[in-house]
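Reviewing the structure listed below.
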Amino acid sequence: MTRKLACADFTFPLLRHDNVLKLIAMMELQGVDVGLFEGRSHLWPSHEFGNVPQSARRLKVQLDSLGLQLADVFLQLDPDFMPYAINQPDAARRRHARESFVKTLDYAAEAGARHVTTLPGAPFDGEPHEDSLSRAVDELGWRVEQAATHGITFAIEAHVGSIVPDPRSAEALVKQVPGLTLTLDYTHFARQGMPDGDAEPLIRHASHFHVRGARNGSLQTSFKNNTIDYRRILHVMDQTGYAGWLGIEYVWTEWEKCNECDNLSETILFRDFLRS
């Protein structure tokens, strides 16, 4: 089957954003995953949200001129995911996160996206895990409702350090929030030594999917050293009718030593593999 392949714009942070988009088009990928990451991507929420319609239209014009589609908009409000986690105990911070999410929906809709991703929340020291989880469930339910009014699919990415760091807890959370989906990324599980089979049940809950190399102890590694069985994943996707994008998501940051790969070459290698 024909697969929809995208590349994250934050894969190449050392290039100007317009050149990043040109590079993705030159690699003959159809889509772009845009990161609205405060302080660590090309497009910061604090800049883009000054005039949402204008910023979103500017992005859409750039994408349209290159024949690219906006596959996903990924919102993060701080380089550290804790200060503005959606389930922050501080009510003022939760309110800011909600306001920013609504602006993200407006931005995504104006720019032509039908998919938005955020992080799922975090466990907080000094309070029972159940309290942190309960707030996350409430906040995610509200976000699902808001996204639906825009005709947008909303997803979370289960990740290392989050309220749902493993497949079992991620599936339990999705089941607690009707309408919630996953931007599924096996690398966060592989890095912890978890087998692919643990994550496979999550494919049925996925509306977006991240692809890159990973192995036990390494959140990001080369195509050659990758241990995730993407061939098996694609087979299960075909069986379950997955119709979303496959976003190749190499990053370049010191976090988790994710600055030790040749992102351009690895993106091309995974592109060719996914096409084959």
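The values are calculated or read from the model by the stated rules, or taken from the named source; none is laboratory data. In this text, all values refer to a predicted model and were calculated from it rather than measured experimentally. Using ideal geometry, Cβ is built from the backbone for each residue, glycine included, and neighbour counts are taken over all protein chains shown.
Structural remarks
- Qualifying residue in the stretch 185-194 (condition: buried (at least 17 other Cβ atoms within 10 Å of the Cβ), within 14 Å of the chain's Cα centre (by Cα) and among the basic types (Lys, Arg)): no
- Being surrounded by fewer than 17 Cβ atoms within 10 Å (Cβ to Cβ) and either among the hydrophobic types (A, V, I, L, M, F, W, C) or assigned to a strand (DSSP E or B) (or both) holds for only one residue in VAL160, VAL164, and it is VAL160.
- Some residue of the stretch 19-36 being charged (D, E, K, R), under 22 Å from ALA97 (Cβ atoms), out of contact with any Leu (no Cβ under 9 Å at 6 or more places or on another chain) and surrounded by 12 or more Cβ atoms within 10 Å (Cβ to Cβ): no
- Residue list for the stretch 185-223, restricted to those being within 22 Å of ARG3 (Cα to Cα), among the charged types (D, E, K, R) and out of contact with any Phe, Trp or Tyr (no Cβ under 8 Å at 6 or more places or on another chain): GLU200, ARG204
- Residue match in the stretch 111-125 (condition: touching a Gly at 6+ places or on another chain (Cβ under 8 Å) and either charged (D, E, K, R) or closer than 23 Å to LEU246 by Cα (or both)): yes
- Checking each residue in the stretch 142-151 for being surrounded by fewer than 20 Cβ atoms within 10 Å (Cβ to Cβ) and either more than 26 Å from ASP198 (Cβ to Cβ) or touching a Lys or Arg at 6+ places or on another chain (Cβ under 9 Å) (or both) picks out TRP142, GLU145, GLN146, ALA148, THR149, HIS150, GLY151.
- Counting only strands (runs of 3 or more DSSP E) that fall entirely inside the stretch 191-272 and contain at least 3 residues that are within 27 Å of VAL177 (Cβ to Cβ) and of a type in the set (Phe, Trp, Tyr), no element qualifies.
- Answer residue from the stretch 103-126, given it is farther than 26 Å from GLU48 by Cβ and either at pLDDT 95 or above or part of a helix (DSSP H, G or I) (or both) and is nearest to the chain's Cα centre (by Cα) among those: PRO123
- Near pairs, Cβ below 7 angstrom, 6+ apart or cross-chain, from the stretch 54-77 (buried (at least 20 other Cβ atoms within 10 Å of the Cβ)) to any residue that is among the hydroxyl-bearing types (Ser, Thr, Tyr) and in a loop (DSSP other than H, G, I, E, B): LEU77/TYR84
- The single residue among PHE49, PHE74, PHE37 that is aromatic (Phe, Trp, Tyr), under 21 Å from VAL164 (Cβ atoms) and touching a Ser or Thr at 6+ places or on another chain (Cβ under 8 Å) turns out to be PHE74.
- The one condition in (1) within 28 Å of TRP255 (Cα to Cα); (2) charged (D, E, K, R); (3) out of contact with any helix residue (DSSP H, G or I) (no Cβ under 7 Å at 6 or more places or on another chain) that GLU48 fails to fulfil: (3)
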